[in-house]
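I'd like to ask some things about the structure below.
The values are calculated or read from the model by the stated rules, or taken from the named source; none is laboratory data. Everything quoted here is computed from the prediction, not taken from an experiment. A quick note on method: Cβ atoms are made from the backbone with ideal geometry, for glycine too, and the neighbour counts reach across all protein chains shown.
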Amino acid sequence: MRIIVYHTSYGCESGCCGHTVEIELGDGATDRKFQFAHPWDKDHLEFAKNLVAEEFGEEHVKDLDWENSEVSED
């Protein structure tokens, strides 16, 4: 299982943006949740952990390999 957190637009023409938390469920299936959240001056890894916990529950944060995660701060 893989969880991806990335910056994206909301899909409206107003320029709204935030972050999407996407979980790959297997067999090509995914579940996505969007939030108008940004990690302003926060640790990006902690930001990602909090979004995943909020959207998919604490059980998904506990067993993830955060040590080998890839964090892009672009």
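Do the conditions hold for Glu24, that is, is it among the acidic types (Asp, Glu), within 19 Å of Val71 (Cα to Cα) and assigned to a strand (DSSP E or B)?
Working: among the acidic types (Asp, Glu): yes; within 19 Å of Val71 (Cα to Cα): yes; assigned to a strand (DSSP E or B): yes.
Against the criterion (among the acidic types (Asp, Glu), within 19 Å of Val71 (Cα to Cα) and assigned to a strand (DSSP E or B)), Glu24 qualifies.
Limited to the stretch 22-72, what total is found for residues that are surrounded by 12 or more Cβ atoms within 10 Å (Cβ to Cβ), farther than 14 Å from Ile4 by Cα and either of a type in the set (Gly, Ala, Ser) or at pLDDT below 80 (or both)?
1
Considering each residue of the stretch 1-16, count those that are farther than 18 Å from Ser69 by Cα and either in contact with a Gly (Cβ under 8 Å, 6 or more places away or on another chain) or modelled with pLDDT of 85 or more (or both), and give that number. Show your work before the answer.
First, pick out the residues of the stretch 1-16 that are farther than 18 Å from Ser69 by Cα: 8-16.
This time we only want the ones that are either in contact with a Gly (Cβ under 8 Å, 6 or more places away or on another chain) or modelled with pLDDT of 85 or more (or both), so: 8-10.
Summing the residues that are farther than 18 Å from Ser69 by Cα and either in contact with a Gly (Cβ under 8 Å, 6 or more places away or on another chain) or modelled with pLDDT of 85 or more (or both) in the stretch 1-16 gives 3.
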